[in-house]
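What follows is a single structure, written as structure tokens, with notes after it.
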Number of protein chains: 2
Amino acid sequence: MEKKQFTVPVPVKNVQVHDSFFSDLMKVTIEKLIPYQWQALNDKIPDAAPSYCMRNFKIAAGMETGEHGGCVFQDSDLAKWIEAVAYSLIWHPDPELEQTADEAIDIVERAQLPDGYLDTYYILTGIENRWTNTKDNHEMYCAGHMLEAAVAYYLATGKRKLLDIMIRCVEHIRSVIGPEEGKKHTYPGHEVLEMALCKLYEVTGDERHLDLARYFIDERGKAPSYFVAEGDRNDRPVRPESPFNLRYYQADRPVREQEGAEGHAVRAGYLYSGMADVARLTQDDALFEACQRIWQDITRRQMYITGAIGQSAAGESFSFDYDLPNALVYGETCAAISLAFFAQRMLRLAPRGEYADVLERVLYNGTISGMSLDGTKFFYVNPLEVDPARCAHNHQFRHVKPERQKWFGCACCPPNLGRLMASLPGYLYHTNQNTVYVNLYTTNDMTASLDAGEVTLSMQTQYPWDGAVRLTVHAAPENMTLALRKPGWCRSFTVRVNGAPAEYELRDGFLYLTRAWAAEDCVELDLAMPVMVVRANPRVAEDIGKIAVQRGPVVYCLEEPDNGKNLQRVCLAADAAFTTRWEPDTLGGIVSIEADGSEWTLAGWNDDVLYSEDTVPSLTARHLRFIPYYAWANRGPAEMTVWVREKL
Amino acid sequence: MEKKQFTVPVPVKNVQVHDSFFSDLMKVTIEKLIPYQWQALNDKIPDAAPSYCMRNFKIAAGMETGEHGGCVFQDSDLAKWIEAVAYSLIWHPDPELEQTADEAIDIVERAQLPDGYLDTYYILTGIENRWTNTKDNHEMYCAGHMLEAAVAYYLATGKRKLLDIMIRCVEHIRSVIGPEEGKKHTYPGHEVLEMALCKLYEVTGDERHLDLARYFIDERGKAPSYFVAEGDRNDRPVRPESPFNLRYYQADRPVREQEGAEGHAVRAGYLYSGMADVARLTQDDALFEACQRIWQDITRRQMYITGAIGQSAAGESFSFDYDLPNALVYGETCAAISLAFFAQRMLRLAPRGEYADVLERVLYNGTISGMSLDGTKFFYVNPLEVDPARCAHNHQFRHVKPERQKWFGCACCPPNLGRLMASLPGYLYHTNQNTVYVNLYTTNDMTASLDAGEVTLSMQTQYPWDGAVRLTVHAAPENMTLALRKPGWCRSFTVRVNGAPAEYELRDGFLYLTRAWAAEDCVELDLAMPVMVVRANPRVAEDIGKIAVQRGPVVYCLEEPDNGKNLQRVCLAADAAFTTRWEPDTLGGIVSIEADGSEWTLAGWNDDVLYSEDTVPSLTARHLRFIPYYAWANRGPAEMTVWVREKL
């Protein structure tokens, strides 16, 4: 059977981003996030909960003495940091930072046991207990993240030390877990190792690495359940009525039989990413179909307009179709990041606009909302509606914070943002044979190898604030196809080449341009970017009668500093006249949106009356100012809402 | 200083209810609830969590062997049962039931320690630890409930045994706790003993009983906090950020300084009831003012339209002003019952319609919703909006049940309903000097002693289904004043005496009729009872743009068996034509309400689109049928909503 051709991302090293949006995020990442995280990993942030991460590694390496500190998965924080460093070194060489990372890797090497085992929790708390609680104790999660870091660091620096460490660690895991008799027939309690093994396979070509990933995918959820038996052995039975039931682990049935997204959203997003990788690398159409089914369930029934996923704080989990509470939401930053991973992998399997649309939605909204504009404070939970009084006084909303926090004891989100931001250039382009897919728009220079030769191009745009995109093809094979994404939100556009209307084929959300390219050909894509009024499918009870404001890929919100309090009393007509303004000095540079709206008044309502049959609603004018959702909560604790009542 | 005259409830024994509403509830109480609860207390309900209640008493009495079972406050279940039995014996003598209760009291007597101590938890688990955890371990709560039972049983039967047991128990408590040096300066972790002591004082006239109640009220919340010190001693520190902080216990400051309702709602309601009792019995105006301040906070800012209180499942607690989530609500049945207690006590302090209005609201809605029509299944949580899928699939809503449950391991609500239902006749009338206050309307016969002589009257009405009320004054002192409540919901009424328009003075929600009464004078009060469309104060963000349907005191809801699914898509114009119909054979006999409403359609919304800027809202006709809220969930798990979107 002929192997299918899938698209390949143009790697970070081949794309130089120098716009004013992504590069700001990337700059914050290297100037603030990465150094700040290194301080955090070394317990040097005043007033923040200690991480214990490097300390654990040093104790395991015999360099310090003491006990294991922090969460059972604390090792993964270093892994994410090394991965972020690796990407950043590609586009921002920094010998001092590289040396710091090298030294950290030396410590990891010393911490590793002779048999390849590497997990400071069990090394420090009792190695005899290792592999007894694969459901909860994150050995494979930590290994997965460190393996992702190892591959990234190898690709960035050419240095094999961490890669070799992790190949030995994978060999150890293979000696303990697998289909063979005498091995444990288990799989990661928190997924990530699946996609890490696929990355490793793409570097090593060693089929055993891919086989282990496929084994994890196929073994997961089989009956009788390994996790149930293990929970019973540990006197921690899996209770079906608990939020931490088998669905929490995506393990209630084999993944190929799962109809939709379920359980802990970060686990889920990592699993689905690993499934998509295995589907691609093993040419497994049935597995791709399972991915598509789950993808559709997420993006058509369980995803917020910001790209946030995981509705319920109980188990940080998916809940059920069309259940999208805006204030009670969980919407963990890491879960949104996992959706970006899944989206890119689906885009590799099939170049369809719907995958890139979600990738864009989550990159411009639900992921970067997790970080303050200065890169030093973080949200775990990303609400779409906030009243600080409720966070303070109704404990059912205590997971929702009206301000980003400095650091978390369980610090999964900040370092995850770090590695995403540092690897952003790798999301812009995919290639396949002689086609260049342009997934996202931002100012950059790119080179890539196609079957028929090298392509070099430059892109210039003010995206996401302006929809005009100018591509200059410096060099290209003559028969190259340029596939420009037509965003799902875009209703009107023009494409010109060298000033003249261009021939194109619109297919699955991409505009395919094939022509005899000449050096310095100039492609001008102009995406009309009006203010849009968006409604949710009425199956989403929470959003009935409400509208959201979006412009281009950016979802907007009302926030108290611009609009005062009582935002839930605001209403807005869908046909309001919106004015937009570029404000370079506001919130790092934004396009603001203003409109004349209304407000439910208190006329007729004394504060001594709670319910009345005599008082009719009345509205008064209220001017509204919207800012991009991702930029909220950079001006102190405040009310905020994405969805606004529609004035009919 | 002259003592103020406060109103006095006409006791249960003086009021014979024989309508078709309250008496149905009372009949269910004696035929089903009381026998069912006795079975439960004796662990004889198949498939229900065992109570262990009687077993604990029998072990403590030396009649059985074993260990303490169930909650630390399990003794209170027997107390509430005895109290319910006491009231029921007044209006429905039952020698066999009385003998069962007498035998239970004999067991209680044997369980009591020689020094008066009575709490099976510590008697069975280690008496040396008694009184070491007054914050959490419910010794005074159990004593309070048993004391309330003792007074009720004494007043009902004339038998003093339980009363004497509890006087000894109170003496023991006084020997341990109080203002004197060497005693513990603590107060009940769960209030109820305060109001129980006031009841005891009204029977014994012993000032020491009132003094102890006043001590608890005054000591509560003083700094430094006894509860904080005790928590530290027990290595269970009170954490300010936890739902179980000092506010949970209404103990963050002295009660006279508390601005509003706070913390665990049942605790709060019992405390406020005890405060009102002490304010009355000690003629303490400042304490009455504190009661009024808290009353206003509850009823004007924190009460659901059903009378439910306690918005947050975290700590089963009040949250903050105007925070009234309909689906996430807690609204414990016991909390609504405590509001009825508080309302009646405020009505004793001042005959104002607002107190009786809330009493009526909670009696016809948020309390009795806690019980199935057949008296065998119970809600702990009383939501105003339910989607069974959410209860099943979003664990943050797992406290909300779409069906009443058979019994609870922590079974506070069912026996609390039992004692409320059995004592309903005692809420109808208050008297003061020569005035008879008619608080509630239902068919009954009543006699009472006024300063100038006996009054005997009969009331006939189809209330709450019809607003026509006919009172026949069989005998009355000539200068009697009849004070008929004009319900707050009533906009139009007539009063006639012997067919002619009557003179009256409308003051604070009561119509005062004074005349030279003759035997068989007939007073006809006709309260217009149209279907009302009610709105919430727009400060309640949750209910903006929504309406509720109410008729008389009865709040209505839409339920799935009548209306199908997707009730959150329904909308209704406030000026819709409502039709009402008396349906004697539906849900125990109800007036149903129907109207032509609308529904958000899915037109233009494929199930593959979650967000769209191209699809405008469209409505289609949908016929709506409303049933009384209290009668919901008697036809299987179903969607339900009280608040409906208003079509503007």
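The values are calculated or read from the model by the stated rules, or taken from the named source; none is laboratory data. Keep in mind the model is a prediction, meaning the values are calculated, not measured. All Cβ positions, glycine included, derive from the backbone under ideal geometry; neighbour counts span all protein chains shown. Remember, those area values only see protein heavy atoms, side chains included, never the ligands or the DNA or RNA. Shrake-Rupley method; radii C 1.70, N 1.55, O 1.52, S 1.80 Å.
Annotations for the structure displayed:
- Assessment of region B:540-549 against the conditions (open to solvent by 30 Å² or more (accessible area, probe 1.4 Å), within 14 Å of chain A (Cβ to nearest Cβ) and within 21 Å of residue B:383 (Cα to Cα)) yields at least one matching residue.
- Scanning region A:460-474 for residues that are assigned to a strand (DSSP E or B) and within 24 Å of the chain's Cα centre (by Cα) gives a single hit, A:461.
- Flag if residue A:298 is part of a helix (DSSP H, G or I), β-branched (Val, Ile, Thr), without any contact (Cβ under 8 Å) to a residue 60 or more places away in the chain and more than 9 Å from chain B (Cβ to nearest Cβ): yes
- Cβ separations smaller than 7 Å between residues 6+ apart or across chains give the following pairs from region A:69-94 residues that are touching a residue at least 40 places away in the same chain (Cβ under 8 Å) to residues that are basic (Lys, Arg) and open to solvent by 10 Å² or more (accessible area, probe 1.4 Å): A:90/A:13.
- Members of region A:509-539 found to be touching a residue at least 40 places away in the same chain (Cβ under 8 Å) and touching an Asp or Glu at 6+ places or on another chain (Cβ under 8 Å), listed by number: A:509, A:512, A:517, A:529, A:532, A:533, A:534, A:535, A:536, A:537, A:539
- Tally, over region B:593-639, of residues that are closer than 25 Å to residue A:324 by Cβ and aliphatic (A, V, I, L, M): 7
- Residues that are of a type outside the set (Lys, Arg) and open to solvent by 20 Å² or more (accessible area, probe 1.4 Å), drawn from region A:195-209: A:201, A:202, A:203, A:204, A:205, A:206, A:207
- In region A:210-247, of all residues being part of a helix (DSSP H, G or I) and among the acidic types (Asp, Glu), the one that is most open to solvent (accessible area, probe 1.4 Å) corresponds to A:232.
- Unmet requirement for residue A:192, which otherwise passes all of (1) over 30 Å from residue A:252 (Cα atoms); (2) of a type outside the set (Ser, Thr, Tyr); (3) open to solvent by less than 10 Å² (accessible area, probe 1.4 Å); (4) in contact (Cβ under 8 Å) with a residue 60 or more places away in the chain: (1)
- Annotation: of all residues in region B:4-54 being among the small types (Gly, Ala, Ser) and in a helix (DSSP H, G or I), the one that is most open to solvent (accessible area, probe 1.4 Å) is B:23.
- Where a residue in region A:219-246 is assigned by TED's automatic domain parsing to the domain that holds residue A:189 and its partner, wherever it lies, is open to solvent by 30 Å² or more (accessible area, probe 1.4 Å) and part of a helix (DSSP H, G or I), with Cβ under 7 Å and at least six apart: A:225/A:246; A:227/A:246; A:238/A:228; A:238/A:246; A:243/B:395
- Residue satisfying all of: in region B:303-325; closer than 15 Å to residue B:379 by Cβ and at the interface with chain A (Cβ under 10 Å from one of its Cβ atoms); most open to solvent (accessible area, probe 1.4 Å) among these: B:313
- Verdict on residue B:113 being open to solvent by 10 Å² or more (accessible area, probe 1.4 Å), under 21 Å from residue B:421 (Cβ atoms) and of a type in the set (A, V, I, L, M): no
- Evaluated against (1) within 30 Å of residue A:308 (Cβ to Cβ); (2) within 14 Å of chain A (Cβ to nearest Cβ); (3) within 34 Å of the chain's Cα centre (by Cα), residue B:556 falls short on exactly one condition, (1).
- Some residue of region A:607-621 being under 30 Å from residue B:355 (Cβ atoms), open to solvent by less than 10 Å² (accessible area, probe 1.4 Å) and hydrophobic (A, V, I, L, M, F, W, C): yes
- Taking the conditions (1) in the same structural domain as residue B:626 (by TED's automatic domain parsing); (2) aliphatic (A, V, I, L, M); (3) within 27 Å of residue B:582 (Cα to Cα) in turn, residue B:469 satisfies each one other than (1).
This table checks each residue for (1) closer than 16 Å to residue A:147 by Cα; (2) among the small types (Gly, Ala, Ser); (3) buried (at least 20 other Cβ atoms within 10 Å of the Cβ); (4) modelled with pLDDT of 95 or more.
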| residue | (1), (2), (3), (4) |
| --- | --- |
| A:79 | yes, yes, yes, yes |
| A:93 | no, no, no, yes |
| A:99 | no, no, no, yes |
| A:106 | yes, no, no, yes |
| A:120 | yes, no, yes, yes |
| A:128 | no, no, no, yes |
| A:135 | no, no, yes, yes |
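- On the stretch given as region B:256-284, residues that are surrounded by fewer than 24 Cβ atoms within 10 Å (Cβ to Cβ) and not polar (S, T, N, Q) total 7.
- Residues of region B:280-295 satisfying the condition of being assigned to a helix (DSSP H, G or I) and under 10 Å from residue B:198 (Cβ atoms): B:280, B:281
- The helices (runs of 4 or more DSSP H) falling completely within region B:326-427 that include 1 or more residues that are buried (at least 22 other Cβ atoms within 10 Å of the Cβ) and within 14 Å of chain A (Cβ to nearest Cβ) map to B:333-349, B:353-361, B:388-393.
- Residue check, residue A:439 open to solvent by 10 Å² or more (accessible area, probe 1.4 Å) and touching a residue at least 12 places away in the same chain (Cβ under 8 Å): no
- Subset of region A:525-538 [more than 7 Å from every other protein chain (Cβ to nearest Cβ) and either open to solvent by 10 Å² or more (accessible area, probe 1.4 Å) or among the aromatic types (Phe, Trp, Tyr) (or both)]: A:526, A:528, A:529, A:530, A:531
- Restricting region A:634-648 to residues that are part of a loop (DSSP other than H, G, I, E, B) and not aliphatic (A, V, I, L, M), the residue that is least open to solvent (accessible area, probe 1.4 Å): A:643
- Scanning region B:468-505 for residues that are touching a residue at least 60 places away in the same chain (Cβ under 8 Å), within 14 Å of chain A (Cβ to nearest Cβ) and open to solvent by 20 Å² or more (accessible area, probe 1.4 Å) returns B:488, B:489.
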